[in-house]
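Heads up: the structure comes next, in structure tokens.
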Amino acid sequence: MNIKIIGKVIDVKGVCAAGLKVGDEFNLTLPCASEDFAEWKRKPKVCPHLITAIFPQILVFQSGGGIPWQKKENEVKVMCLDPDNTVVIILKKLIIDSTQHRIGLLI
């Protein structure tokens, strides 16, 4: 099972240090090979406050797990840790069906 993690910015209070804006959407899937990690670090531009907040959820989703106490188990809202310039994103876990080459939301 191939899993893809998508993040979408839904709120920004103040000015994001990384320049994120409402509506920005990006792939946050962690690479499987160490040579791919250098490229992952270059995009998207995510500050340490946000990556610290979202990394645990990314690991859960990419390992096939979910967040059962959320309204949608495969979707979670996460707020960055910057108290003055707060960014809120929604993380979504998607499954990539390699046999049919399509992407769908895991439910």
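Assorted remarks:
- Subset of region 66-89 [over 16 Å from GLY14 (Cβ atoms) and outside any strand (DSSP E or B)]: GLY66, ILE67, PRO68, TRP69, GLN70, LYS71, LYS72, GLU73, ASN74
- If only residues of region 23-65 that are exposed (fewer than 12 other Cβ atoms within 10 Å of the Cβ) and part of a loop (DSSP other than H, G, I, E, B) are counted, the one that is modelled with the lowest pLDDT is ALA33.
The values are calculated or read from the model by the stated rules, or taken from the named source; none is laboratory data. Keep in mind it's a predicted model, so treat the numbers as computed, not measured. Cβ sites come from the backbone with ideal geometry, for glycine too, and all protein chains shown count toward neighbours.
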